[in-house]
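Quick notes on the structure that follows.
The values are calculated or read from the model by the stated rules, or taken from the named source; none is laboratory data. Quick caveat: nothing in here was measured; it's all calculated off a predicted structure. When we count neighbours, we look across all protein chains shown, and the Cβ atoms used for this are built from the backbone with ideal geometry, even at glycine.
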Amino acid sequence: MEELKPCPFCGEENPSISMACWSIAQEDDKLQWVDYWYVVCGKCGTKSFQYGTEGLAEEAWNRRANNGN
């Protein structure tokens, strides 16, 4: 796991990564559970989009408009 950058909106230094799941109804009426990850700021509540892996959620959160330039 890479270190998460501070929140781009409030500057909180310790955002956290969270995992949740949701279900998809299949044709045979069974449910398929799908995990997803997102980053959330504990101070202002900003959340990233939902991603299929922890790494993608971290990468998206750490991306900035200027890409560090």
* Structure fact -> Taking the stretch 2-27 and the residues there that are at pLDDT below 85 and farther than 23 Å from Thr53 by Cβ, the one that is nearest to the chain's Cα centre (by Cα) would be Ala25
* Structure fact -> Cβ pairs under 6 Å, 6+ apart or interchain, first in the stretch 35-48 and free of Cβ contacts under 8 Å to residues at least 40 places away in the same chain, second in a strand (DSSP E or B) and basic (Lys, Arg), ordered by first then second residue, are Tyr38/Lys47; Val40/Lys47
* Asked: In the stretch 20-63, how many residues are in a strand (DSSP E or B) and either small (Gly, Ala, Ser) or loosely packed, with under 12 Cβ neighbours inside 10 Å (or both)?
  -> 9
